[in-house]
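K.L.:
Starting off with a structure, shown below.
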Amino acid sequence: MASRSHKQLGEFELISRLCAGIRLGRRTILGPGDDCAIISASRRNLLLTVDSMVEGVHFDLRWGRPALLGARSLAVNLSDIAAMGGSPTACVVNLAVRDGVGQRTLDRIYAGLRNSAHEAGVDIVGGNITRASDLSITIALLGEVTGGAAMRRDSARPGDEIFVTGALGDAALGWRLLSGELTARGVARSYLVDRFFRPPNRLRAGQRLAAIDPTPSAIDISDGLLQDLGHILERSRVGAEIDASSIPLSPAYRAVMGDDISYAFSGGEDYELLFCLRPGYRESELTRRLRAPVRRIGRITRQKRLEVIGSLQPDLSKHGAGWDQLRSSPLKRLD
């Protein structure tokens, strides 16, 4: 049976349908259905972030898995809150819908979004639906600082050691496997594609990291290691030395790319944490405290430049220094 078009329902019927089943916490006084949501005030510092996923740039509906796309659209925002050491509270969603997108697809996108929000303790308190030439999901997410001060990009100091959680480059490979830029089969392909659709949830790791004194400098890796580390260096007015041999790579990454570490440096889409701490913390200690795998990859220097050392070097002539929303090549536009 063919899926109904969103046009057959109309804007407000579609809103009611997609919002059905949204579960709200006690902090939300008034949720979807009015001009604004009402959320009880917090005495803590508030965090606010916004991000978009756009068809033809970030995803292709022909890849399938619309529920995972819905969950992923929130996950990329949760990663920003994690990088500040905060807790997410509530969000609003703007859904831009193009002609040809069936109601079943929208239902599945919102099912994934609702489930992801419930798991993260986020209330979906409102939003908007509009027509557009491409399908896109834009989420504005509110959070709060739960511990001491929020982690920031401008507090790295010479001598600090640089760490990352997880493994790098997997999601970028998954994106390129889906888009046809790369080929792979079997377990490696399945793993890498899944890493694209299911970004890691580092909220708890970020909150535990923020409790380490003094407060670390941190950022989430969304546009690639080099690009995002560059933001810390610029804001902190320092430099860095990165040991290429210490970059954490998964067996699936090595199976596809061998010794080519370029995507781990510049691929983007990892949504892991990159942070700087004063010397003395062991990887094993941080892994235990954050309850996430942690690897030391370099150190902060006084010289305002970024140097990559080691026998393995990323080939930035092929992949660039990282993802740029206004310059990076989009996917082939859908007809």
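K.L.:
Would you mind checking region 203-231 for residues with the amide N under 15 Å from a putative spin-label position 7 Å along Cα→C-beta of Arg157?
P.N.:
Once the point is set 7 Å along Cα→Cβ of Arg157, 212-218 turn out to lie under 15 Å by backbone N, inside region 203-231.
K.L.:
While we're on this one: Compute the length gained on full extension between Gln303 and Asp134: take 0.36 nm times their separation in residues and subtract their Cα-Cα distance, giving the result in nm to one decimal.
P.N.:
Net length gain for the segment: 56.4 nm.
K.L.:
Once fully extended, how much extra length lies between Asn115 and Arg198, figured as 0.36 nm per residue of separation less the alpha-carbon to alpha-carbon distance? Intermediate results must be reported in sequence, preceding the final value.
P.N.:
On the way: separation 83, 0.36 × 83 = 29.88 nm, distance 1.31 nm.
Stretched fully, the Asn115-Arg198 segment lengthens by 28.6 nm.
K.L.:
Just name one of Leu106, Val164, Pro214: the one whose Cα is farthest towards the positive end of the charge dipole of the chain (beta-carbon charges, Lys/Arg +1, Asp/Glu -1).
P.N.:
Farthest towards the positive end: Pro214.
K.L.:
Still on this structure, please answer the following. Quick check: net charge around Val294, other residues with Cβ under 12 Å of its Cβ, Lys/Arg +1 and Asp/Glu -1?
P.N.:
Combined, the nearby Lys, Arg, Asp and Glu give +4.
K.L.:
Got a sec? Charge dipole of region 85-162, +1 on Cβ for Lys and Arg, -1 for Asp and Glu; which of Ile129, Asn115, Gly85 is way out at the positive end?
P.N.:
Farthest along the dipole direction, towards plus: Ile129.
K.L.:
Given H placed 1.01 Å from N in the peptide plane, which residues other than close sequence neighbours of Ile309 have an amide H under 5 Å from its amide H?
P.N.:
For Ile309, whose amide H was placed from the backbone, the distant partners under 5 Å are Ile242, Asp243, Ala244.
K.L.:
Long-range amide H contacts for Thr301: which residues qualify at under 5 Å (H placed 1.01 Å from N, peptide plane, sequence gap of 5 or more or a different chain)?
P.N.:
Close amide H contacts, sequence-distant or interchain: Gly159, Gly239, Ala240, Glu241.
K.L.:
Turning to a different aspect of this structure: Return the loop-located trypsin sites (Lys or Arg not before Pro) in region 88-190 (DSSP other than H, G, I, E, B) with at most 14 other Cβ atoms within 10 Å of their own Cβ; answer none if there are none.
P.N.:
Within region 88-190, the qualifying trypsin sites (Lys or Arg not before Pro) (loop, at most 14 other Cβ atoms within 10 Å) are Arg185.
K.L.:
Additional query: Determine the dipole magnitude for the chain: charges of +1 sit on the beta-carbon of Lys and Arg, -1 on that of Asp and Glu, nothing else is charged, the reference point is the Cα centre, and the result goes in debye to the nearest 20.
P.N.:
The calculation lands at about 620 debye.
K.L.:
Could you go through region 287-297 in sequence order and give the Karplus-derived ³J(HN,Hα) for each residue, using 6.51 cos²θ - 1.76 cosθ + 1.60 with θ = phi - 60°, rounded to whole Hz, and x for Gly and Pro?
P.N.:
Here the 3J(HN,Hα) series is 4, 5, 5, 8, 6, 8, x, 10, 10, 7, 10 Hz.
K.L.:
By accessible area of protein heavy atoms, probe 1.4 Å, what ranking do Thr301, Thr146 get, highest first?
P.N.:
Final ranking, largest accessible area leading: Thr146, Thr301.
K.L.:
For helix 225-236, report the angle its Cα long axis makes with the longest principal axis of the Cα atoms of the chain; keep it between 0 and 90° and round to the nearest 10°.
P.N.:
Tilt of helix 225-236: around 80 degrees.
K.L.:
I've got another one for you. Taking all protein chains together and a probe of 1.4 Å, list His58, His231, His118 from the most accessible to the least accessible.
P.N.:
From most exposed to least exposed: His118, His231, His58.
K.L.:
Another question about this same structure. Relative contact order for the chain: what percent, with Cα pairs under 8 Å and sequence separation of 6 or more?
P.N.:
Numbers: 727 pairs, mean separation 73.7, N = 335.
Averaging sequence separation for qualifying contacts and normalising by length gives 22 percent for the chain.
K.L.:
Under a plain spin-label model, where a point goes 7 Å from the Cα along Cα-to-Cβ, how far apart in nm are Ser52 and Arg27?
P.N.:
Each label point is offset 7 Å from its Cα along the Cβ direction, giving 2.6 nm.
K.L.:
Counting only protein chains, not ligands or nucleic acids, how are Met151, Met84 ordered by accessible area (probe 1.4 Å), most first?
P.N.:
If we order Met151, Met84 from most to least accessible, we get Met84, Met151.
K.L.:
Report the paramagnetic label zone for Arg288: residues of region 164-205 whose backbone N is under 18 Å from a point 7 Å from Cα along the Cα-to-Cβ axis.
P.N.:
205
K.L.:
Using only the alpha-carbon atoms, how far is helix 170-179 inclined from the longest principal axis of the chain? Give it as 0 to 90 degrees, nearest 10.
P.N.:
Taking Cα atoms only, the helix is inclined about 50 degrees.
K.L.:
Give the long-range amide H neighbours of Leu182: residues separated by 5 or more places, or on another chain, with amide H under 5 Å away, using H modelled in the peptide plane at 1.01 Å from N.
P.N.:
Amide H to amide H, under 5 Å and 5 or more residues apart or across chains, Leu182 pairs with Leu177.
K.L.:
Among Asp170, Asp213, Asp51, which one shows the biggest mean-square fluctuation in a GNM of the chain, springs joining Cα atoms closer than 10 Å?
P.N.:
Of the options given, Asp213 has the highest mean-square fluctuation.
K.L.:
If one takes the longest principal axis of the Cα atoms in the chain, at what angle in degrees, from 0 to 90 and to the nearest 10, does the Cα axis of helix 66-83 lie?
P.N.:
50 degrees
K.L.:
At 1.4 Å probe size, with the rest of the protein present, what percent of the exposed accessible area of the chain is carbon and sulfur atoms?
P.N.:
That share works out to 47 percent.
The values are calculated or read from the model by the stated rules, or taken from the named source; none is laboratory data. Because the structure is predicted, anything quoted here is derived from the model rather than measured. All Cβ positions, glycine included, derive from the backbone under ideal geometry; neighbour counts span all protein chains shown. Remember, those area values only see protein heavy atoms, side chains included, never the ligands or the DNA or RNA. Shrake-Rupley method; radii C 1.70, N 1.55, O 1.52, S 1.80 Å.
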